[in-house]
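The block underneath contains the structure these notes are about, expressed in structure tokens.
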Amino acid sequence: MSLVLDRFEKLQSLHDSVLVEGIGGIMTPILKDYHVADLIKDMNLEAMIVASFKNWNRKSHPFDV
């Protein structure tokens, strides 16, 4: 992972902003004990999580959408 983090730092130094797109969900494993959530933390990224509500039941959920 050090190579990925080093290359990411290099990109950040060359550009005003860098958009990073994830793979799977935040708990998708990258290594045995290292997940996308760990990578987000190690890259010190602000994250936006996009999820589907197709199985969401409004009657049983306290939040209004």
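Data table
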item: Verdict on K59 being modelled with pLDDT under 90 and part of a helix (DSSP H, G or I); result: yes
item: First in region 4-21 and farther than 16 Å from K41 by Cα, second anywhere and in a loop (DSSP other than H, G, I, E, B) and open to solvent by less than 70 Å² (accessible area, probe 1.4 Å), Cβ under 8 Å, 6 or more apart; result: L11/V18
item: Yes/no for A37 being assigned to a helix (DSSP H, G or I), surrounded by 10 or more Cβ atoms within 10 Å (Cβ to Cβ) and at pLDDT below 95; result: yes
item: Residue list for region 13-28, filter: modelled with pLDDT of 95 or more and open to solvent by less than 100 Å² (accessible area, probe 1.4 Å); result: S13, H15
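The values are calculated or read from the model by the stated rules, or taken from the named source; none is laboratory data. Here the structure is a predicted model, which is why all the values come from computation and not from measurement. Please note: Cβ atoms are built from the backbone with ideal geometry, for glycine as well, and neighbour counts cover all protein chains shown. Just the protein is used for accessible areas: all its heavy atoms, side chains included, with ligands, DNA and RNA removed. Shrake-Rupley method; radii C 1.70, N 1.55, O 1.52, S 1.80 Å.
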